[in-house]
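The values are calculated or read from the model by the stated rules, or taken from the named source; none is laboratory data. Since this is a predicted model, take the numbers as computed values, not measurements. The area values use the complete protein model at the heavy-atom level, side chains included, leaving out ligands, DNA and RNA. Shrake-Rupley method; radii C 1.70, N 1.55, O 1.52, S 1.80 Å.
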Amino acid sequence: GVGASDASPDEGVVEDLPLIDEKAVEQLTEGLISHYLPDLQRSKSALQELTQNQVVLLETLEQEISKFRECNSILDINVLFSEAKVYHNKLVNIRNEMMMLHEKTSKLKVSGVNI
């Protein structure tokens, strides 16, 4: 007859594999999920919080940048006003010189000098 040693080592295993595999895969999957899921969920919430903080930070930076732009435009306006004041003073001086020259020429005409 056929002895135990004559049987193929794979004999009988093929039929058992689907049952063993399904249970083993299910248990391993549950084990892996239960082991890694809490850490992954914590990582996910930490990343979400980080992303929200980055959005807030970006919005704050944009507000600060716009404030700096406003300050620069105010400084530019101040420079323009300073220049306008300088040019106004120059115009006033020119006008005064022209009035003085006009007075001198008028006096010269009165005294009979031809110009």
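For segment 62-68, backbone phi angles converted through the Karplus equation (6.51, -1.76, 1.60; θ = phi - 60°) give residue-by-residue couplings of 4, 5, 5, 4, 5, 5, 4 Hz, Gly and Pro being listed as x.
Remark: segment 35-85 is approximated by an ellipsoid whose semi-axes, taken from the C-alpha gyration tensor as √(5λ), come to 49, 5, 4 Å, largest first. Lys104 contributes about 110 Å² of solvent-accessible surface, heavy atoms of the protein only, 1.4 Å probe.
When the Cα atoms of segment 29-115 are aligned to their principal axes, the ranges along those axes come out at 121, 13, 8 Å in descending order.
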